[in-house]
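The structure appears right after this line, and notes come after that.
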Amino acid sequence: MPSTITPIRTEPKPRRHVEDHDNGSGRRPPTDKRTGGGGDNDNWGDRPRGNHGPRERLVRYRMGIFFALASDMMFFVAIVSSFFVNQSTGHFDAYNNYINEWSATTIPPILWLNTLVLILSSITMEIARRRMFHEVDAMDEWLGLGKPITRRAIPWVAVTAVLGTIFLVGQWIAWEQLALQHVFFLSNPSSHFFYLITGVHGIHLVFGVFGLIATLIGLYVSRSLESRQIMVDCASWYWHSMGLFWIFLFVLLVFFQ
Amino acid sequence: MTPRPDKLSEPVATMPSLRRRIFTTDHRIIGIEYLILALTSVTIGAILSLLMRIHLVWPDRVLPFYGPILPEDYLAMVTIHGTIMLFFVLTTAPQAGFGNLILPAQIGARRMAFPVANAVSFWLTAVALVILLSSTFVPGGSAISGWTAYPPFSAVAGAGPGQGLGMDLWLASIAVFAIASTIGAINILVTIIKFRCEGMTWGRMPLTVWGWFTAALLSVIAFSVLLAALLLLFCDRHAGTGFFVPAGDLVSGVIHSGGHPGNGSPLLWLHLFWFFGHPEVYISILPGLGLTSMLLANFSRRRVFAYRTMIVTTLLIGFLGILLWGHHMFVAGLNPFAASAFAVSTMAIAIPASAKVLSWLATVWRSRPSYTTAMLFSIGFISLFITGGLSGPVLAQPILDEYLHNTFFVVAHFHLIMAMAAVFGLFAATYYWFPLMTGRMMSESLGRLHFWGTLVGAYATFLPMHITGLMGEPRHYAQLSGVANAAGQLLAGTLPLNRFITWSAIVLSTVQLVFFVNLFHSLRKGRSAPPNPWRATTLEWHPALHPNAPAEALEEATVVYRQPCEYRPTPGGELFLPQWSADTNPDIKPE
């Protein structure tokens, strides 16, 4: 009997087990980290389409935000390339003298403090993110014992938003200090870039702070633990990236002008 | 399949309101909306190109309801034609249109990863198109600096009519489009990575999906660089900076140097723009490359020759595509050493491209293809890809490009390889997937007429441009007659051939009416399509996904067992094993 020698299905479906019958609807605890998907036959077959396990949505959104941040990184890379090109370009004046107008913009010392604040905010955000995935609390929520995860994460998200605002205020003070020294956006090619880089990064942080406020509201409003985890997770990856971008840009402004 | 009893008792779903249907998050409808947007855009773009061609050879003709076409009108047409075709046709239709329509089904997914973002992406694209078209009606008209918007022309409002508000609207439109495309690309990437069904390993993904994947990767990298460049240009125009404006730049009798004289460099814009612009070209052609491989294999009933190599070449074309932007700048003042490097990386692209052509030839070699319209357009794609590609290595030589760059030779090159080849890919896709979209077949006889007319028209239009280019016809000239001295004689010498090109373009456009007739006729009265009319093996033809299939069939899990395109002649006819077929391979049966 050939069919017994060669099974009809070369890749047989896994056998159904009641305890594996997990459709992400909360029948298994949310600490289950299997995601399914990716074409790798990972615990897939028993589920209805479009709902592949508790962490599937989280991983999907995280991947989306990573691609968006990669794209954003290219945006900053383009501006930084322009920085170097402008820095090394000059022209010949009427007397055939080679003139490079670039003169480095003095970095207001408050930027060091701002950088420290931003690093600190990244730490508080990471604490919030980890609180969202605290397994004991997740089990409590799953058992219906309130929203302990949210209760523990909210203060840290709020602290991050406050620190982010402090950073933005600090950047504003830095601009004011430069303006007092009569260094404006139009003063010099280097000041173009100083204001442009801090400004564009600042706009990103404004979006970030709004995102954090939206996250705080979401933490109050949303009933689904998964949605809350996604909000905090994505917000924190965005926040960390903005911190990293800032350190990169700050190093550029301090040491490469 | 028998419907479940509880489903039978459910009330029939009411028709969703029009608003719901238009602002939907359903990827298939969004895909069709993208295609409608692209069809509208391509119609506008084609009419503009006809106007340009007619003006070029009969400059005295007056446009009805408008008046004589001035040189700045001609340049505005060049700009809008290029922008619309590049962005709103060749980027949206293959990548976003067919990507949304077909991609999820081809990987066995029910939807895109981020449906709301998908809808946002489409509506931003639509807004971008409206902004672009609205620039025609502002004082001064649309921008006249071409789709590449080279500064200082684009950086100074006084540089010409249309460089004021028209240019600002152009910038706004492209910025919105860049954001929309990035969102769309992220959606495609995450869908492909996370939503593949069971058994759909990377190696079993159809080559079309690989095309979309690579193009989406390029979009994520490239569009944000364009956005940064647009921001800098915006600052140059409105904040008084001089990123792209050189010192002592004399524009319309006024010296412009930005806010601070000195360090601006138009070359910087070229670097930033072409870092985006060249990948953009591959974004428009990669889905077509993948589709051609699949269609050739399908209609010649063969496996794709060297499947893995085809995957690698797709990725390699994408990778090399981001390393060779400098070949657009050979005559712009690029360092000659950099030019050599870019020449090498440009010619390197011939390796994966030739590998693709070889695979196509090997796939159809000694097969007996069925020459359906979709197959014909795929063959046409290859023909145009080779013809347009052959002038690539010529232009990749800095020394030759120096002579040819600003002539119609380049126009011929990129219209054949990018515009025409990509459009042939789109036609192939339309004829091939029409049954899937509508449940009806398109007319084959009209399709053949359309194909032969388009092929002959395309060659008759764009091949002679090589010759006029070699004769010295420059790009962006609104008029070739009436110029004094020897240069005028040279330009006038190209006129007979240019008249032929214009007539060919008119024929080429007229033939497209056959396509529209076929499209709208088949939409209402076409022969109704069997579930898998082309006997294709990829998942989008899974019976459960047919438009007329019962809704319950969708709930069945899709499982993939093999690579696409498994065909085998057997004594009793021909066997084909779709990707979802669980049958064993008859070749390895123990008997």
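For this structure, a couple of remarks:
- Per residue of peptide B:213-220, the mean number of Cβ atoms on other chains within 10 Å of the residue Cβ is 1.
- Proportion of all alpha-carbon pairs of segment A:193-233 beyond 15 Å (%): 50
- Exposure proxy order (Cβ contacts within 10 Å, fewest to most) of B:Lys194, B:Lys525: B:Lys525, B:Lys194
- FRET efficiency, A:Trp142 to B:Ile22 (Cβ-Cβ, R0 41 Å, nearest 0.05): 0.55
- Using just its DSSP H runs of length 4 or more, each adding -39500 (n - 2.57), chain B gives a mean residue ellipticity at 222 nm of -19500 deg cm²/dmol after division by all residues.
- Distance in nm between pseudo-label sites at B:Tyr477 and B:Arg303 (7 Å out along the Cβ direction from Cα): 5.5
- Per-selection Rg to Rh, segment B:20-161 - Cα, Kirkwood hydrodynamic radius: 1.08
- Taken residue by residue and averaged, Cβ atoms of other chains lying within 10 Å of the Cβ of B:102-109 number 1.
- Relative to the longest principal axis of the Cα atoms of chain B, the long axis of helix B:266-299 lies at roughly 30 degrees.
- Working from Cα pairs under 8 Å separated by at least six residues, relative contact order for chain B is 14 percent.
- Estimated D of chain B in µm² per second, where Rh is the Kirkwood radius over Cα pairs and Stokes-Einstein applies at 25 °C, 0.890 mPa s: 97
- Cα long-axis angle, helix B:307-321 against chain B (0 to 90 degrees, to the nearest 10): 20
- Cα-centre dipole for the protein assembly as shown with unit charges at Cβ (Lys and Arg positive, Asp and Glu negative), debye to 20: 2360
- For segment B:45-55, 3J(HN,Hα) per residue [Karplus equation, 6.51 cos²θ - 1.76 cosθ + 1.60, θ = phi - 60°, Hz, x = Gly/Pro]: x, 5, 4, 4, 5, 5, 4, 5, 4, 5, 5
- Mean sequence separation of contacting Cα pairs (under 8 Å, at least six apart), scaled by the length of segment B:262-415, corresponds to a relative contact order of 29 percent.
- Its Cα gyration tensor gives segment A:61-255 an equivalent ellipsoid, and the semi-axes of that ellipsoid, as √(5λ) in whole Å with the largest first, are 42, 16, 11.
- Sequence-distant residues sharing a close amide H with B:Glu198 (under 5 Å, placed H): B:Val560
- Of interest is the spacing of the C-alpha centroids, which for segment B:337-377 and segment A:208-226 amounts to 50 Å.
- Compared with the alpha-carbon gap, the fully stretched path from B:Ile506 to B:Asn335 is longer by 57.4 nm at 0.36 nm per residue.
- With the highest mean first, a sort of the peptides B:25-38, A:228-241, A:178-191 on other beta-carbon atoms found within 10 angstrom per residue produces A:228-241, B:25-38, A:178-191.
- Contour minus Cα-Cα distance for B:Ala460 and B:Val357 (0.36 nm per residue): 34.8 nm
- Only Cα pairs under 8 Å and 6+ residues apart enter the sum, and on that basis the relative contact order of segment B:256-336 stands at 46 percent.
- Reciprocal of mean inverse Cα separation for the protein assembly as shown (Kirkwood radius, Å): 29.4
- Amide proton proximity set for B:His256, modelled H, under 5 Å, gap of 5+: B:Asp249, B:Leu250, B:Val251
- Once the Cα atoms are used to define both axes, helix B:421-438 deviates from the longest principal axis of chain B by about 40 degrees.
- The mean count of C-beta atoms from other chains within 10 Å of the C-beta of residues in A:62-72, rounded to a whole number, is 6.
Quick note: the coordinates plus some simple rules give every number you see, no bench work behind them. The structure displayed is predicted, hence computed values, not measured ones. Please note: Cβ atoms are built from the backbone with ideal geometry, for glycine as well, and neighbour counts cover all protein chains shown.
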